[in-house]
Structures are given as C-alpha cells and as structure tokens.
Amino acid sequence: MREDLLVQREQIYGVNKFAESEPRSFWEFVWDALQDTTLIILAACAFVSLTVGIATEGWPNGSHDGIGIFASIILVVSVTATSDYQQSLQFRDLDKEKRKILVQVTRDGFRQRILIDDLLPGDVVHLAVGDQVPADGVFVSGFSLLLDESSLTGESEPVDVNEDKPFLSSGTKVLDGSGQMLVTSVGMRTQWGKLMAALTEGGNDETPLQVKLSGVANIIGKIGLFFAVLTFVVLSQELIGQKYHDELLLSWSGDDVLEILNHFAVAVTIVVVAVPEGLPLAVTLSLAYAMEKMMNDKALVRQLAACETMGSATVICSDKTGTLTSNRMTVVKACICGNTVEVCDPLIPSSLSSELPEVAVETLLESILTNTGGEVVVDQNGKQDIIGTPTETALLEFALSLGGNYKQKRQETKIVKVEPFNSVKKRMTVILELPGGGYRAHCKGATEIVLAACDKFIDGSGSVVPLDKKTANMLNDIIETFSSEALRTLCLAYRGLEDGSTQEEIPLQGYTFIGIVGIKDPVRPGVRESVASCRSAGIAVKMVTGDNINTAKAIARECGILTDGGLAIEGAEFREKTPKELLELIPKMQVLARSSPLDKLALVKHLRTTSNEVVAVTGDGTNDAPALREADIGLAMGVAGTEVAKESADVVILDDNFSTIVTVAKWGRSVYVNIQKFVQFQLTVNIVALLVNFSSACFTGALALATEPPNDNLMEKAPVGRTGKFITNIMWRNILGQSLYQFTVLWYLQSQGRYVFGLEGSEADTVLNTIIFNTFVFCQVCRLS
C-alpha cells in the first residue's frame, strides 16, 4: 500500500530529477560536423570529380582526385566529431556520479536515508551544517538555520530561515544550525529546475570565425564556378564553332562527346582547385592543438569551436562572487588598541601579534575563539578545517593567523551561558568561567550597538582606560571608513562579572572595547591585472552581481572595472529602461548590481543582437547558467562552479582564476591569427593554380598549417569582433602580390620553357610539366620561409 502511495505521489508531483536531453549519438556529432559550408562544397566537387574522372579516364586512374578529397573530408569530420563526442561522454558520466547523494528524511513515520533522486513532496528532510538543500520546501522546525544562496541568487550574504522566512530553495547550502524541511516541489518544478528549463534557449549559433570562413568559402566557390564556366566555354568554343561553320551542330560523333566531356573535366578541376580543400582540416587541427595546450593552462574546452570564439570577444560579463572574488569571507582590516592595520597579507597577522600588547592579543584571541558559532576541527591527516558561517570562519581564520589555539583555549575556559546572535539584538554574547576563577562576558556584533555598550577600551600600552568622547568619535570614523570600503564591520568587547550575575540576564552596558574587524569577500589575486590586460586588448569588462550597489561599486573599483565616467546601476532600474535608453546606457554601464538571472540574460541578449558584440560570460552559480548558455562563449569556474554552470559553459576554468580567462583569450586570438596565415597561404596557392589552369595547365598546390603558440602582442590589438574582416587588406596585398609574381613565373615557363631549357622529343611536355610543378612548390616553400 505504501509503495502504491509513493508511486501515486511520483505521478502527481514528478521525480527529483532534471529533464535532460537524450544523449547525442556519435553520428549526430558527425552530422553536425558535416554542416560546414566548405565541406559541403568540397563534397560536391569530389562527387563530380569522381564521376567525370571515371567516365573519362576509367577506374582507378580517374578516381584519384575525388577519393583524395573524400578522404580529407572524412578525416576532418572524424577529428571534430570524436573530440566533441568524448567530451560529452565525460561530462555526462561526471553528472551521474554527482547525483549519487543520500539524504536523511522522515517518510511514513520512519527516519531513513534515501537517494536524492527518490525524494518526493511530503517528505521531511533533516538538514545539518554542510548539507545541500535537495529540493524546494518550507521550514518545519530547527535552530539558527542559515543558508548560503550565492550559487542560486548571486548574493554572498547568508540568509536566515525561520518561521517568519520559511522558504528553502533547491541547490542552496546550509552554513549553520540544523532543521527540518517539508518538501513542496522537486525536479523541474523547483527554482533550480526552472533555471534549467531556461537553458534550452540559445547557444546554437555559429561562432564568428565559422561565419567568416563560410563567407570565404562561398566567395571562393562562386569565383571557382565563374572560372570553370569560362574555361568550359573557351575550350569548347572552337569545336562548337567548327560544327556551326560546317552546319553539323545536330550531328555528334563519339569522339566529339568525349572531347566535350574532357572539357567538362577540366572545368570541374578548376572548381576543385579553387576551393581550399585543406582549409577545414587546417582549422580542425589548429583548434585541436589549441584545446590540448589550453588544458595545460587550466582551461578545459568542451567544444573545439570555443577555442577561437574567445579570441573574437569584445565584452566580458563577469559574475562577482566566486569569479572576481574568492567567495570566502576574510578579515582584511582591523582596529586594535586604536591602531588600524590591513591584514590582507598572510604574514601581517603573525607580525601584528608581536607588535601589540600581550594582554590585548590574549583578550582578542579569547573573545574570538570562545564567542563563536563556528568550530575548528582536525581531519585524519592532521589538517585544520573551519566549520561555520562565512563571518565566523573569517574571524576564526584571523585568530589562528595571530597564533591562537582553538582546542587549547576551549579546554582552558568553560562556557557558562550563551546568547546566540539574532537579527533583533544584532550581537552574540557568551559568559566564561575563567581558569583562575571569576567570570567574563564576551560580546560581538554590529559596531554601532557594541561600541555604544562600551565605556572603556584597551589603549596602545595594553592598559584599560576610560572611553572618552574623542576616542569614541575616532572609532566611529574608523567604522565609517571601513563601511565606505564595503567592509562588513564587527565590534568585539568584554567585561568582568561577579559570581552571582551569571544567573541573571547578560548585561548590556559596562563593556571594554577590544577592537573592530573589517570583513569582506576579497578580490582574487591577479584580477586587477587581468582586467587591465582585457582593457588594453580592447575587451570591455562588465560586472553583473546580485550584491548591493555599494559593495558592487567598491569591488568593481578594486578590480579596475569601474572607471571614471563609468555607470553602476541596479537591476530594478535596468529593467525599466526602454530599448532606446538601453542603447545609450549599456556602452557606459560597467556594473549591474542587485540583478536577477533574467537581468543578466537580457543584458547578454542585448549585447549580442542589438550591439552586435561578441560576448563572453563568466560565472560559477546556477543563477549564471542561462546567460552562460546564451553567450557566444560561456566560462564556468571548475572548483567553485555548480554542475549546472559547468554543463552550460563552453570552457571550464579549472583553477577558478579570472587571470586564466586572459590566457583563453590569448589562445583564441592565436588560433584566429594562425588560421588567417593558413588562409593567406592557401588562397595564394589556389589563385595561382586557378590562373594557371585557366590559362593552360592543371595542377594543384600544397598544404601548410601554422600552429604557433600565443604571444603577449596579441593582447595589445583590438578584438576582431563579429563584423571585423577575416581577410584583411594586408592579407589581400600579400595574396594578390604573391599570386601575380608566381603566375608570371609559371606562365613564362609554360610559354617559353621549351626554348629556355632546350627541351625536344616526345618527353619534352612531361619534363616541362615536372619543372613547372617543382617551381610552383618551391615558390610556396620560399614564401613560407
């Protein structure tokens, strides 16, 4: 009966799985690879060449050219399809492993462990610190339940969940406390599932290079067809003219038909010569080479085409939390004994402990290590790990860097009473029984509340002195300075207690000020330099975040994103703008704060369509997934990124370093330049061969491929973008100049070679053709060198 009820619930509410597209077979990847315009033209030429060749020269002599072209097509398709198919299999296997998660639930009155996929509405899930919320639900009961919703909303601020704010979203993480949640929706009906549904849109457009190569192939095909028709007309006009003169146009012998067929074979050869059959292979090999090298540079490329797209990028829309910043709250500034110090450098706290009075350091460490909701644990390898909210973790890390010993301090003191932090009192207080006797209260919380409760402070000599108005004003100024830098400030204080007072309410006044700490999610090392490199390369960087606008502006300035004249606006204002207003706003907008996932998606769509930009989007959270899929190239963080973000991305940054994105751009530009070099070489060969064929003979050129690694000069040039010329004016100069030079040499040999080399007899034509062909090849070798 219970099983029947479970099946019924599953039929009504669905399963806790996300709708996945059917696994694509290898042959689907082969079909995708065959859609390349150049390959289609080559396939047509190969078929005609094979048919005409066998008809005129018989098998197998007449099949060589056609089979050769078909072989090159098969090689290109095989390399492309195999690479993309293997990448898809790896990501699908990884996703299956990630779903093998057990959760604790109460079902049918019994507490049990079930697979996350088997979760159904009506189950009560038990949550603890470190757990991921497996479905959408409502709070039933619990204590101090605190969630990290940054992966879903982009907000780095933890969210309290209680009876007044009872809703929990799938994909968020429990930072503190414990609780029970009644599951209300699963799978595609959750907030996470709705974001997954949005990923089905977009992401299938051709890359900028593919568009340009298709254009080049079409132009070359039309030129080749024109010369082929012209050649056929020139070769056939004598025979047709003679028949017209003899009034025998309707009388054709077998020899006449064979001659016309030979003329047609020459015309087909003209088309085959005109189309650069080595171009698809050169592009594929260049991309595959770059993919391998980018893996060494901590960038996992999921699709070959993504290697070059980043090189054309003109705009990067970057998430803040976890991309530009480390998504790990850290104490970066502190005011102790009236002195303000920056503690960003790991070496500063250790030196700070020797510069401050010993009593001040001991009191500070006692306050942090005892008045905390976090915990320092040691794993089986002896490595310390900190469990708790981001704020608690930051404070404990600061205490440990000052030389504090969590285990020893907790053993020395006994916690008698705890008043946990809440949003009303905005502070947390504990009462300790000291090892030498007596009691002490430690308080921490909002700076304006805790400082107002202090009437004494520890000065620079370690003495406790009255907190006069001048000192209080100085401390308030320091707090304002910290706040202006988008730091989250906390004040620490203590006071001695009489023995009997521990049974009463914890006192609200009479504290001694210990210090102020400024906490923030710090910018990743090298980000500012990377942003500067992007700007010098002509790539605009825009920050899109769910954080408040003041924090966003402060971080953007620190990263070098927000400049003089740049605009920072909130999502609510962005959504109200008309398309005409957005045209004027977006080029100046550098920061979009308090934005929703749909705001980020709308920004990317506007940049790609209306502004015609080549857009790269970086992100690590589920909230970034729709924009990652819509962008020309999506870059997901490999360490902190959610699986949804990685699945939606074209490139996974394995070290979560924004600086790696610059490396990806550099490789992308290198691929673009290398393919340009090959096209310049190939077109020169093809134009010369086409002209020589048109004039008299029929022979083809050679293949050369450049796979040069990227250099820093590539990042000093403006991006090519979506509308930039693939074949530049300099390339046309080189192509036409070399073509004219080579054609002149070869035509001179064709017309005067017999006399120059004194060739006579039946083998004269064979020897002359050999000389011309070798001269043609050496022209290419000399040009490459």
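The values are calculated or read from the model by the stated rules, or taken from the named source; none is laboratory data. Computed from a predicted structure; not experimentally measured. Every residue, glycine among them, receives a Cβ derived from its backbone with ideal geometry; neighbour counts consider all protein chains shown. Just so you know, the surface numbers come from the protein's heavy atoms only, side chains and all, with ligands and any DNA or RNA stripped out. Shrake-Rupley method; radii C 1.70, N 1.55, O 1.52, S 1.80 Å.
Observations on the structure shown:
- Filtered by the rule that a residue be of a type outside the set (S, T, N, Q) and touching a residue at least 60 places away in the same chain (Cβ under 8 Å), segment 69-88 gives I69, I73, L75, V76, V79, D84, Y85.
- Of residues in segment 20-79 being open to solvent by 30 Å² or more (accessible area, probe 1.4 Å) and polar (S, T, N, Q), the one farthest from L285 (Cα to Cα): T56
- A count restricted to segment 22-61 and to residues that are within 29 Å of the chain's Cα centre (by Cα), in a helix (DSSP H, G or I) and not polar (S, T, N, Q) stands at 8.
- Residues that are part of a helix (DSSP H, G or I) and either modelled with pLDDT under 85 or open to solvent by 30 Å² or more (accessible area, probe 1.4 Å) (or both) within segment 407-433 comprise K407, Q408, R410, Q411, E412, listed in sequence order.
- Summed over segment 325-345, the residues that are among the small types (G, A, S) and not in a loop (DSSP other than H, G, I, E, B) give a count of 1.
- Between A689, A649, A697, the distinction of being open to solvent by less than 30 Å² (accessible area, probe 1.4 Å) and modelled with pLDDT of 75 or more belongs to A649 only.
- Against the test of being open to solvent by 40 Å² or more (accessible area, probe 1.4 Å) and within 21 Å of V315 (Cα to Cα), the options E480, E485, E529, E505 yield a single qualifying residue, E529.
- Residue selected from segment 665-677 under the condition open to solvent by 20 Å² or more (accessible area, probe 1.4 Å) and charged (D, E, K, R), by the criterion farthest from A616 (Cα to Cα): K677
- Considering (1) within 30 Å of K444 (Cβ to Cβ); (2) surrounded by 16 or more Cβ atoms within 10 Å (Cβ to Cβ); (3) within 23 Å of the chain's Cα centre (by Cα), the lone condition that V544 does not fulfil carries the number (1).
- Verdict on E584 being out of contact with any helix residue (DSSP H, G or I) (no Cβ under 9 Å at 6 or more places or on another chain), surrounded by fewer than 24 Cβ atoms within 10 Å (Cβ to Cβ) and in a helix (DSSP H, G or I): yes
- Matching option when the condition is open to solvent by 10 Å² or more (accessible area, probe 1.4 Å) and free of Cβ contacts under 8 Å to residues at least 40 places away in the same chain, among V662, V639: V639
- For segment 292-340, filtering for residues that are open to solvent by less than 10 Å² (accessible area, probe 1.4 Å) and hydroxyl-bearing (S, T, Y) leaves 6.
- Annotation: of all residues in segment 355-382 being surrounded by 15 or more Cβ atoms within 10 Å (Cβ to Cβ) and of a type in the set (A, V, I, L, M, F, W, C), the one that is nearest to N339 (Cα to Cα) is L356.
- Residue in segment 545-561 that is over 21 Å from L324 (Cα atoms), modelled with pLDDT of 90 or more and not assigned by the TED database to the domain that holds P466 present: no
- Per this entry, I514 is counted among residues that are at pLDDT 90 or above and either in the same structural domain as K588 (by the TED database) or crowded, with 22+ Cβ neighbours inside 10 Å (or both).
- Among the candidates A552, A568, residue that is without any contact (Cβ under 8 Å) to a residue 40 or more places away in the chain and either in contact with a helix residue (DSSP H, G or I) (Cβ under 7 Å, 6 or more places away or on another chain) or within 22 Å of M428 (Cβ to Cβ) (or both): A568
- The set of residues in segment 488-498 that are modelled with pLDDT of 90 or more and open to solvent by 60 Å² or more (accessible area, probe 1.4 Å) contains only R495.
- Screening T207, T190 for residues that are at pLDDT 75 or above and open to solvent by less than 50 Å² (accessible area, probe 1.4 Å) leaves exactly one candidate, T190.
- Taken together, the residues in segment 549-559 that are within 13 Å of K520 (Cα to Cα) and either small (G, A, S) or surrounded by fewer than 20 Cβ atoms within 10 Å (Cβ to Cβ) (or both) amount to 4.
- On inspection, L400 does not qualify as aliphatic (A, V, I, L, M), closer than 30 Å to K383 by Cβ and either open to solvent by less than 20 Å² (accessible area, probe 1.4 Å) or without any contact (Cβ under 8 Å) to a residue 12 or more places away in the chain (or both).
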